[in-house]
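These notes are about the structure you will find just below.
The values are calculated or read from the model by the stated rules, or taken from the named source; none is laboratory data. A quick note: this is a predicted structure, and the numbers were derived from the prediction, not measured. Glycine gets a Cβ as well: all are built from the backbone with ideal geometry, and neighbour counts include every protein chain shown.
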């Protein structure tokens, strides 16, 4: 399980009188913002998710990407937006080749790693990594059979606000280019694209506040080509 904590971070920033800034769903992160991100994700949010997972019967272990080099990342030098603009996101990381040894060990012992989306660079500096991007990266590195991205909407929505059951990567590109997909959904779709390219065959974007079993929740499945596969 990989998590962010957007609303909790926004609340923390408001308490510190810091205005949040986003570009294509990615948080622009200066030193003060990063301090808030780390405080929220590595503290309250991660602990609460570990506790909730335990209450549901899981054996959860709380981690961040800084633990055992899970989240080795490189600072995003210049980000190119969907509209083609070049933006400096600040202390934002792109996942690199981290070590999966700790995750393999924990999974092999039957534990559920709950990982906060905080990256670490080669100098030991912390970076803010988008949770969807980080989840897709770990899914690929762990050779996961499927990736489920749980958000606040019932999948990817069309221009009329209806959930789209299935998308190909070509349709994903079209939605981003046309502006039908915007804000946080762009980051989710870009993450899905990377996961598909890395061989993760079963990918769904679902409403995380819906059914207890995500397979019963309304959502969008994403494939290299529509109809090319399905979730188990």
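Keeping to the stretch 97-137, report how many residues are under 15 Å from residue 68 (Cα atoms), in contact with a strand residue (DSSP E or B) (Cβ under 6 Å, 6 or more places away or on another chain) and part of a helix (DSSP H, G or I).
Total satisfying the criteria: 2.
Which residues, counting only those in the stretch 30-45, are under 27 Å from residue 83 (Cβ atoms) and either at pLDDT below 95 or under 16 Å from the mean Cα position of the chain (by Cα) (or both)?
37
Is at least one residue of the stretch 66-82 under 23 Å from residue 149 (Cβ atoms), assigned to a loop (DSSP other than H, G, I, E, B), in contact with a strand residue (DSSP E or B) (Cβ under 6 Å, 6 or more places away or on another chain) and modelled with pLDDT of 95 or more?
Scanning the stretch 66-82, I find at least one residue that is under 23 Å from residue 149 (Cβ atoms), assigned to a loop (DSSP other than H, G, I, E, B), in contact with a strand residue (DSSP E or B) (Cβ under 6 Å, 6 or more places away or on another chain) and modelled with pLDDT of 95 or more, so the answer is yes.
I need a count of the residues in the stretch 145-188 that are assigned to a strand (DSSP E or B) and within 16 Å of the chain's Cα centre (by Cα). Full working, then the answer.
Taking the stretch 145-188 and keeping what is assigned to a strand (DSSP E or B), we get 146-151, 157, 163, 166-168.
This time we only want the ones that are within 16 Å of the chain's Cα centre (by Cα), so: 146-151.
Total meeting the criteria: 6.
Per-residue answers, yes or no, for (1) under 24 Å from residue 36 (Cβ atoms); (2) surrounded by fewer than 22 Cβ atoms within 10 Å (Cβ to Cβ); (3) not assigned by TED's automatic domain parsing to the domain that holds residue 23:
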| position | (1), (2), (3) |
| --- | --- |
| 64 | yes, yes, no |
| 71 | yes, no, no |
| 79 | yes, yes, no |
| 88 | yes, yes, no |
| 94 | yes, yes, no |
| 101 | no, yes, no |
| 111 | no, yes, no |
| 119 | yes, no, no |
